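Participant: Once you've had a glance at the structure underneath, I'll fire off some questions.
The values are calculated or read from the model by the stated rules, or taken from the named source; none is laboratory data. The structure displayed is predicted, hence computed values, not measured ones. Methodologically, a virtual Cβ is constructed for each residue, glycine included, from the backbone with ideal geometry; neighbour enumeration extends over all protein chains shown.
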Amino acid sequence: MSELHDNILQALEERFPGAVISSGDERDFPVFHLQKNQLIAVLTFLKQEKGFNFLTTMCGIHYPEQGDQEFALMYQLHNMVQNQRIRFKVFMPKSQLDVPTLTTIWPTANWMEREAFDFYGFKFTGHPDLRRILNMDEMNYHPLRKEYALEDAGRDDKEDKYFGR
Amino acid sequence: MQVEMTRKINILEDNMSTNVDLQNNIEKDYTTLNLGPTHPATHGIFQNILTMDGEIIVKAVPTIGYIHRAFEKLAEHRPYNQITPITDRLNYCSSPINNMGWHMTVEKLINCEVPKRAEYLRVIIMELARIADHIVCDTVIAVDTGAMTGFLYLFQAREKIYEIYEAICGARLTTNIGRIGGMERDFPEIAWKKIHAFIDEFPTMLAEFDKLVTRNRIFMDRTVNCGPISAERALEYGFTGPNLRAAGVDYDVRVMNPYSSYQDFDFKIPVGTQGDTFDRYMVRMQEMWESLSIIKQAVAKMPKGEFHADVPEFYLPEKQDVYSKMEALIYHFKIVMGETEVPKGEVYHAVEGGNGELGYYLISDGGRTPFRLHFRRPCYIYYQAYSEMIEGGMLSDAILTMSSMNVIAGELDA
């Protein structure tokens, strides 16, 4: 485990006991899995007291085989002064896709969350303008979920067996 | 005009419907103006629905997604080497940087050590691409202020850069340059000739443009204090690249997290103070000089050796080997059919793109295609500040602000 991982984990354990479900290093990034209800408190704490002033990116992920951890949101923070980057993940089942919004902490989360809503259907509670952003408003599904195949479902000339897979 | 420019009107939604200006207590008519989706002055497909008070913008509502091509979904169905052409079409003004960013992401995932020569070749390509990108942005700012001449002059330099791309990879705009593990081939003799010619000619051309435009009275009147943003606000809005540096924050991925041997080169990070259009223009001008200096250093220090790493499952073998060697035939087949296997894992790699931190977040489940690929597109993230930057200003300044932010439709909509 990296030094940065241990420092952040220690700070979070002291301040928010039980908020971190699991953690570890993924290549050069410390990754923390958080409780959804503690997300805002933890990120606010890191921004205000640990210098993680920059929300680099966030995105949704769909793991169709993970049961009650089917959907995940990934957040990446950057401490520009000390050049530290960390990643957070929040998992949730398909039935509870409501997540507190980050727009109160970083205005830049506005469009990032609209994108996650557009492609995965996360409901960001408290978001000022939760509309689709890249797809058209009339669309009635969330296209980056794994159940939507890219290919036309009626095509049978591209099945795996023809390629020896 | 001077007085009008600094006027900032904050009108609540409910006041809008009654058309009453509370401060002056007189009835007002607001005009709704549809700027875009296709408008010659916006250089791309952007729509902004503007509420106008005369020539002042009261409110702007941007709509994006007109050229959305579902790259993140497409990438989940393509083998790794076939994703490179997708990245070309993100920021198409500097596609080589996007290509290299993607190669480096995969190299990080497969733990591939790239030889020094390949890294230096990549640096040359990336800095040429940065110059091409900044040429587009800076000349277009000049065009939007009415100065066509500078644009026509400096675009010749961009043409020279495209000729260099062409000599290296055969393509000009959507380059698909380099391969996972290095370059597809060493630079041919003709490419070196063109690079040396470019190093010789470009300073004159850039200095000429600089002389023509930068201190021009009309240009400065139009750009100084036009569409400013403070450093704090820029950071909160996730600005990166020249736009953030124009606001005064010296954040550059090339220095912060050096990749591809950028630590070997000596260059400065130009920063601005006001974060306005003029500063954004100046930061890009200075960066072109720095990029040129990096290219010179890379050419001078060019190490000898291999131009690609030893990763045969990502690098097409020589054609005569395919016909005569078993391994080469197998690898050829695997690459062409997209059957290359990669380890499981999760990586994020960022490069300093033409307009900011271009990040690739890749999750691999060990299959032939990525499980999830997310592009951190700098345009997409900072364009949301656009409405805040233009509200209270004039319509003509809004056009300038957009071109100075270097919003590229392909990257915005992915």
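Participant: Could you list, in sequence order, all residues of the range B:341-379 that are more than 11 Å from every other protein chain (Cβ to nearest Cβ), closer than 16 Å to B:ASP413 by Cα and of a type in the set (A, V, I, L, M)?
Facilitator: None - no residue of the range B:341-379 is more than 11 Å from every other protein chain (Cβ to nearest Cβ), closer than 16 Å to B:ASP413 by Cα and of a type in the set (A, V, I, L, M), so the list stays empty.
Participant: Quick check on the range B:313-323. Is at least one of its residues closer than 24 Å to B:ARG254 by Cβ and of a type outside the set (S, T, N, Q)?
Facilitator: No, there is no match, as no residue in the range B:313-323 is closer than 24 Å to B:ARG254 by Cβ and of a type outside the set (S, T, N, Q).
Participant: What residue, of B:ARG222, B:ARG245, is within 14 Å of chain A (Cβ to nearest Cβ) and outside any loop (DSSP other than H, G, I, E, B)?
Facilitator: Values: B:ARG222 fails: within 14 Å of chain A (Cβ to nearest Cβ).
Result: B:ARG245 is the single residue among B:ARG222, B:ARG245 that is within 14 Å of chain A (Cβ to nearest Cβ) and outside any loop (DSSP other than H, G, I, E, B).
Participant: Moving to a separate point now. Which residues, taken from the range B:323-338, are within 12 Å of another protein chain (Cβ to nearest Cβ) and either within 33 Å of the chain's Cα centre (by Cα) or closer than 22 Å to B:GLU107 by Cβ (or both)?
Facilitator: From the range B:323-338, those within 12 Å of another protein chain (Cβ to nearest Cβ) are B:333-334, B:336-338; that's our starting set.
Once the filter is applied, which keeps residues that are within 12 Å of another protein chain (Cβ to nearest Cβ) and either within 33 Å of the chain's Cα centre (by Cα) or closer than 22 Å to B:GLU107 by Cβ (or both), the range B:323-338 yields B:LYS334, B:VAL336, B:MET337, B:GLY338.
Participant: Look through A:ASN83, A:ASN37 and report the one residue that is of a type outside the set (A, V, I, L, M, F, W, C), surrounded by fewer than 18 Cβ atoms within 10 Å (Cβ to Cβ), at positive phi and out of contact with any Gly (no Cβ under 9 Å at 6 or more places or on another chain).
Facilitator: Numbers: A:ASN37 fails: at positive phi.
Being of a type outside the set (A, V, I, L, M, F, W, C), surrounded by fewer than 18 Cβ atoms within 10 Å (Cβ to Cβ), at positive phi and out of contact with any Gly (no Cβ under 9 Å at 6 or more places or on another chain) holds for just one of A:ASN83, A:ASN37, which is A:ASN83.
Participant: Hey, another quick one. Going through B:GLU341, B:GLU391, B:GLU346 one at a time, which residue ends up being more than 24 Å from the chain's Cα centre (by Cα), of a type in the set (Asp, Glu) and at pLDDT below 90?
Facilitator: On the way: B:GLU391 fails: at pLDDT below 90; B:GLU346 fails: at pLDDT below 90.
Exactly one residue qualifies, and that residue is B:GLU341.
Participant: Now, a different point. Considering each of A:MET80, A:MET58, A:MET136 in turn, give the residue that is at pLDDT below 90, out of contact with any Ser or Thr (no Cβ under 8 Å at 6 or more places or on another chain) and within 11 Å of chain B (Cβ to nearest Cβ). Write out each step before concluding.
Facilitator: Working: A:MET80 fails: at pLDDT below 90; A:MET58 fails: at pLDDT below 90.
Testing whether each residue is at pLDDT below 90, out of contact with any Ser or Thr (no Cβ under 8 Å at 6 or more places or on another chain) and within 11 Å of chain B (Cβ to nearest Cβ) leaves just A:MET136.
Participant: Quick one: A:GLY126 ticks every box in (1) of a type outside the set (Phe, Trp, Tyr); (2) surrounded by fewer than 18 Cβ atoms within 10 Å (Cβ to Cβ); (3) within 11 Å of another protein chain (Cβ to nearest Cβ) bar one, so which box is it?
Facilitator: Single failed check for A:GLY126: (3).
Participant: Still on this structure, please answer the following. Quick test for you: out of B:ILE177, B:ILE168, B:ILE164, B:ILE141, pick the one residue that is part of a loop (DSSP other than H, G, I, E, B), modelled with pLDDT of 90 or more and surrounded by 19 or more Cβ atoms within 10 Å (Cβ to Cβ).
Facilitator: Details: B:ILE168 fails: part of a loop (DSSP other than H, G, I, E, B); B:ILE164 fails: part of a loop (DSSP other than H, G, I, E, B); B:ILE141 fails: part of a loop (DSSP other than H, G, I, E, B).
Selected residue: B:ILE177, the only one of B:ILE177, B:ILE168, B:ILE164, B:ILE141 that is part of a loop (DSSP other than H, G, I, E, B), modelled with pLDDT of 90 or more and surrounded by 19 or more Cβ atoms within 10 Å (Cβ to Cβ).
Participant: Here's something else I'd like to know. Inspect all residues belonging to the range B:315-328 and state whether any of them is outside the structural domain of B:ASN81 (by TED's automatic domain parsing), among the aromatic types (Phe, Trp, Tyr) and touching a residue at least 60 places away in the same chain (Cβ under 8 Å).
Facilitator: If we filter the range B:315-328 for residues that are outside the structural domain of B:ASN81 (by TED's automatic domain parsing), which is where we start, we get B:315-328.
The next check asks that each one be among the aromatic types (Phe, Trp, Tyr); those that pass are B:315, B:323.
Keeping just the survivors that are touching a residue at least 60 places away in the same chain (Cβ under 8 Å) gives B:315.
Looking for residues that are outside the structural domain of B:ASN81 (by TED's automatic domain parsing), among the aromatic types (Phe, Trp, Tyr) and touching a residue at least 60 places away in the same chain (Cβ under 8 Å), one finds at least one in the range B:315-328, hence yes.
Participant: Considering each of A:LEU77, A:LEU73, A:LEU46 in turn, give the residue that is assigned to a helix (DSSP H, G or I) and in contact with a strand residue (DSSP E or B) (Cβ under 7 Å, 6 or more places away or on another chain).
Facilitator: Numbers: A:LEU77 fails: assigned to a helix (DSSP H, G or I); A:LEU73 fails: assigned to a helix (DSSP H, G or I).
Answer to the selection: A:LEU46.
Conditions (1) more than 14 Å from the chain's Cα centre (by Cα); (2) assigned to a helix (DSSP H, G or I), marked per residue:
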residue	(1), (2)
A:PHE88	no, no
A:SER95	yes, no
A:PHE119	no, yes
A:ASP129	yes, no
A:HIS142	yes, no
